[in-house]
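Report on the following structure.
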Amino acid sequence: MEKCQQKLSFMCRVLDPPAYGFVKNGEFYKPTPREIFREFFRRMNIFNSKKNWLPLLGWSLSLSLAFPFFLFFTHYFTWPLALLGFVYSMVLMGSHGTFWLHRYGTHRAFVFRNKFVIWVCRNLVIKIIPEEIYIISHHVHHQSSEKPGDPYNVHGGFLYCFLADANHQMIRTDLSEAEYMQLSKLMCHTGVKLNSYAQYLKYGTLCHPLRTILHYALNWGFWFAAFYFLGGLPLAVAIFGWAAVWAIGVRTYNYDGHGRGKNRQRAGSDFHHEDMSVNQVWPGYVAGEWHNNHHLFPSGARSGFLSYQLDLPWLFIRFLKTIGAVTSYRDYKADFVRDYQLPYLEEQKRIALTVPSHS
């Protein structure tokens, strides 16, 4: 119990708080849009501090995809390419985000056979989100979901969540060496070469700017060349252009995935009631993000538990297990059925039997 409390206390302080703070007068503080934008542009200012390099890189890369997006619609648009780009963006990039960043990167829901497989799976699609920004903050999200300190607390509103990667998801820049080494353990399995403590003090991050930029350059260069080889400039522009849709759209997910601040949970579908997370059909089908199920069993390799809940990342994990690229995984389907679904169905039967007939 003591170790659990120590872990909770540590995770509650690893993120760099915004200028407006996570808490005011002991309560969650919801900043104004003006405060959110001011903080966002402060975090983008590399001239103010070189430690702002990672959020600046993330947003610069995402916004740079606007160029192929508009180029596609103004010069290369065809319906088949539009459909192909849409599927690549929504399904392949969405499912890969769930598979790589969410289930493996954060929760280690399965184990890869070796470092080569990790490297391949890390680069299966056009890279958008740096592992550090997603993984560390998502651990905090699960520790304090919808409470002060949650980096994308739905009670902060849409902008609070949409700009969270810059405003709330960066790690602190004043960690002790022992704290930094402890935090590094949350990233050591991802294939990201981590900074030494001296480098962390200089750059304020777990990952090194030059290595990160090189990784993006190689990833984007490889995929642009591959799509160009397969279908020329129109295909390459279409795929990279539609990647912009996912790059921007994914920033809206946690606001929607927690009911936009309202209780939208449905009986028989959402069984986790400690927060407002909901299972949604669209992110569920295109990316395996049955979010309420995920909050019920965060470390599971599968989130689609009910018969209609298609889970493409889970099917891919099962495929990798079949060919030996994944050696083990955690699957809580049986636990879900035993502890939640069957008791619910039995209760519904009991209620039906006690309702008087009017026939």
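So, in the stretch 160-197, of the ones that are free of Cβ contacts under 8 Å to residues at least 12 places away in the same chain and hydrophobic (A, V, I, L, M, F, W, C), which residue ends up surrounded by the most Cβ atoms within 10 Å (Cβ to Cβ)? Among those that are free of Cβ contacts under 8 Å to residues at least 12 places away in the same chain and hydrophobic (A, V, I, L, M, F, W, C), it is CYS188.
Being in a helix (DSSP H, G or I), under 20 Å from CYS207 (Cβ atoms) and touching a residue at least 60 places away in the same chain (Cβ under 8 Å) is the requirement here; does ILE129 meet it? Talk me through it step by step, then tell me what you get.
On the way: in a helix (DSSP H, G or I): no; under 20 Å from CYS207 (Cβ atoms): yes; touching a residue at least 60 places away in the same chain (Cβ under 8 Å): yes.
The answer is no for ILE129.
Scanning the stretch 212-225 turns up no residue that is assigned to a helix (DSSP H, G or I), within 26 Å of VAL87 (Cβ to Cβ), touching a residue at least 24 places away in the same chain (Cβ under 8 Å) and among the β-branched types (Val, Ile, Thr). With the condition kept exactly as written, say whether any residue in the stretch 51-66 is surrounded by fewer than 14 Cβ atoms within 10 Å (Cβ to Cβ), over 25 Å from ALA287 (Cα atoms), among the charged types (D, E, K, R) and in contact (Cβ under 8 Å) with a residue 12 or more places away in the chain. So far as the stretch 51-66 goes, no, none of its residues is surrounded by fewer than 14 Cβ atoms within 10 Å (Cβ to Cβ), over 25 Å from ALA287 (Cα atoms), among the charged types (D, E, K, R) and in contact (Cβ under 8 Å) with a residue 12 or more places away in the chain. Criterion applied to CYS4, CYS12 was being surrounded by 15 or more Cβ atoms within 10 Å (Cβ to Cβ), out of contact with any strand residue (DSSP E or B) (no Cβ under 8 Å at 6 or more places or on another chain) and either on the phi > 0 side of the Ramachandran plot or modelled with pLDDT under 95 (or both), and the one residue passing it is CYS12. Which of the residues spanning the stretch 264-316 are of a type in the set (A, V, I, L, M, F, W, C) and in a loop (DSSP other than H, G, I, E, B)? Of everything in the stretch 264-316, those that are of a type in the set (A, V, I, L, M, F, W, C) and in a loop (DSSP other than H, G, I, E, B) turn out to be ALA267, PHE271, MET276, VAL278, PHE297, ALA301, PHE305, LEU306, LEU310. Cβ-Cβ contacts under 6 Å between residues 6 or more apart (or on different chains), taken from a first residue in the stretch 25-38 that is free of Cβ contacts under 8 Å to residues at least 60 places away in the same chain to a second residue that is surrounded by 11 or more Cβ atoms within 10 Å (Cβ to Cβ), are listed as GLU35/TYR20. Within the set LEU124, LEU101, the sole residue that is of a type in the set (A, V, I, L, M, F, W, C) and part of a helix (DSSP H, G or I) turns out to be LEU101.
Of everything listed in (1) out of contact with any Asp or Glu (no Cβ under 7 Å at 6 or more places or on another chain); (2) closer than 21 Å to PRO130 by Cβ; (3) crowded, with 16+ Cβ neighbours inside 10 Å, the single unmet condition for LEU81 is (2). Residues that are in contact with a Leu (Cβ under 6 Å, 6 or more places away or on another chain), of a type in the set (Asp, Glu) and farther than 26 Å from GLY324 by Cβ do occur in the stretch 131-153, at least one of them.
Against the criterion of being touching a helix residue (DSSP H, G or I) at 6+ places or on another chain (Cβ under 9 Å) and small (Gly, Ala, Ser), ALA325 qualifies. Filtered by the rule that a residue be hydroxyl-bearing (Ser, Thr, Tyr) and either free of Cβ contacts under 8 Å to residues at least 24 places away in the same chain or crowded, with 19+ Cβ neighbours inside 10 Å (or both), the stretch 267-322 gives SER277, TYR285, SER303, SER307, TYR308, THR322. Return the residue satisfying two criteria in turn: it lies in the stretch 153-210 and is in a helix (DSSP H, G or I) and touching a strand residue (DSSP E or B) at 6+ places or on another chain (Cβ under 7 Å), and of such residues it is nearest to VAL250 (Cα to Cα). The residue in question is HIS155. The condition (being farther than 20 Å from TYR253 by Cα, crowded, with 20+ Cβ neighbours inside 10 Å and touching a helix residue (DSSP H, G or I) at 6+ places or on another chain (Cβ under 8 Å)) is satisfied by just one residue among PHE112, PHE99: PHE112.
Here the stretch 15-45 is the region considered, the condition is being more than 22 Å from TRP59 (Cβ to Cβ) and not small (Gly, Ala, Ser), and the residue that is modelled with the lowest pLDDT is ASN25.
Only residues that are at pLDDT below 95 and aliphatic (A, V, I, L, M) were counted across the stretch 47-81, and they come to 0.
Considering only the stretch 132-152, state which residues are part of a loop (DSSP other than H, G, I, E, B) and under 22 Å from TYR180 (Cβ atoms). Before the answer, list the steps.
The first filter runs over the stretch 132-152 and keeps only residues part of a loop (DSSP other than H, G, I, E, B), leaving 144-152.
Hits for the stretch 132-152 are SER144, GLY149, PRO151.
Do any residues in the stretch 136-147 that are within 14 Å of LEU101 (Cα to Cα) and of a type outside the set (Phe, Trp, Tyr) have Cβ atoms under 7 Å from those of residues that are modelled with pLDDT of 95 or more and part of a helix (DSSP H, G or I), where the two are at least six apart or on different chains, and which pairs are they? Filtered contacts from the stretch 136-147: ILE136/LEU183; HIS138/THR106; HIS139/THR106. Scanning the stretch 218-234 for residues that are of a type in the set (Gly, Ala, Ser) and crowded, with 17+ Cβ neighbours inside 10 Å yields a count of 0.
The values are calculated or read from the model by the stated rules, or taken from the named source; none is laboratory data. These numbers were taken from a predicted model, which means no experiment stands behind them. Quick reminder, even Gly has a Cβ in these numbers, built from the backbone with ideal geometry, and neighbours come from all protein chains shown.
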